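The values are calculated or read from the model by the stated rules, or taken from the named source; none is laboratory data. Everything quoted here is computed from the prediction, not taken from an experiment. Every residue, glycine as well, gets a Cβ built from its backbone with ideal geometry; the counts of neighbours run over all protein chains shown. Side chains are part of the model used for accessible areas, which takes the heavy atoms of the whole protein and leaves out ligands, DNA and RNA. Shrake-Rupley method; radii C 1.70, N 1.55, O 1.52, S 1.80 Å.
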Amino acid sequence: MLLTTGQAAEELGCAVTTFRRLVQAGLLPGLSRRGVRVMIPLTAVQSLSARHHAALDRIEAKEIAVVRVNAAQRVGEPDRAWIGFATSLTPDDMIKALRGWWRCDAASVAAGGVLPVTLSGYVVAVLTGLERWETNNQGRHAFPDARLAGYITDLAAPQLVITSPVDADQRLAKLLLGARLTSHSGGAIAYVPTNTTG
C-alpha cells in the first residue's frame, strides 16, 4: 500500500512540510510517483512511527546541544558548497555543511561532547570533536575540528554509515542515529537535558 506525503504526515502526526524534508533529503528509498505526487510505502511510514526515542540517559553530559537542519541546499560560501543534510552528500561535504555557523552557546555545545543532527525530529548525523570553536563577526559559531561520527542513508530501514575510527564516536553514532529526538528552539540549535543523575 502506498501513501501520499499528506497521508504519511498525518500518520506520523507532523506537518506535510516536515515530512517532505525527509523525502527531499533522500532518507526514504523506495518512493514512487503518481503524476506530481510522491508516494511512500506504508511499511516505511510504519517504521518511522515505531522508531524509539534517543537514549540520552546513556550520555554522560547533563545537557547536549542538538542542531536542527533542513534538507541540503547549495550555498556560495568559500568554505562549503552546501548547508543542511542529504544522503547524496559526500562525508566531506556533509561535515562542512553541518559544523556551523550557528547562533549558540559554543561552550555549552562543546561541553555536551556530541552534537546530534536532526531533520524533522530524527537523528540523521552525529558530530563529535567539538572542543574548539571559531566565532565570526555576526556572533555565529563553527566547530572546525568537528568529526562526522556517522550518518543515515535510509531512515526507514534504517541504514547507518559509521565514518569515525574513534571507538567513543562509533558508540555515540550507533546509540543516536535513526532515533527520534524532540527539541524546541527558535533557532537551529536547541539544548536538551539528558536526565543523567549525579
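Quick notes
- Of all residues in the range 1-18, those that are among the small types (Gly, Ala, Ser) have Cβ atoms under 6 Å from Cβ atoms of residues that are surrounded by fewer than 17 Cβ atoms within 10 Å (Cβ to Cβ), 6 or more apart or on another chain, in GLY6/VAL16; ALA9/VAL16.
- Within the range 168-187, being part of a loop (DSSP other than H, G, I, E, B) and open to solvent by 60 Å² or more (accessible area, probe 1.4 Å) holds for THR182, HIS184, GLY186.
- Selected residue (criterion: nearest to MET1 (Cα to Cα)) from residues of the range 13-38 that are open to solvent by 50 Å² or more (accessible area, probe 1.4 Å) and either touching an Asp or Glu at 6+ places or on another chain (Cβ under 8 Å) or hydroxyl-bearing (Ser, Thr, Tyr) (or both): PRO29
- For the range 50-167, the strands (runs of 3 or more DSSP E) that sit wholly inside it and include 2 or more residues that are open to solvent by 10 Å² or more (accessible area, probe 1.4 Å) are 63-68, 73-77, 80-83, 100-102, 147-154, 159-162.
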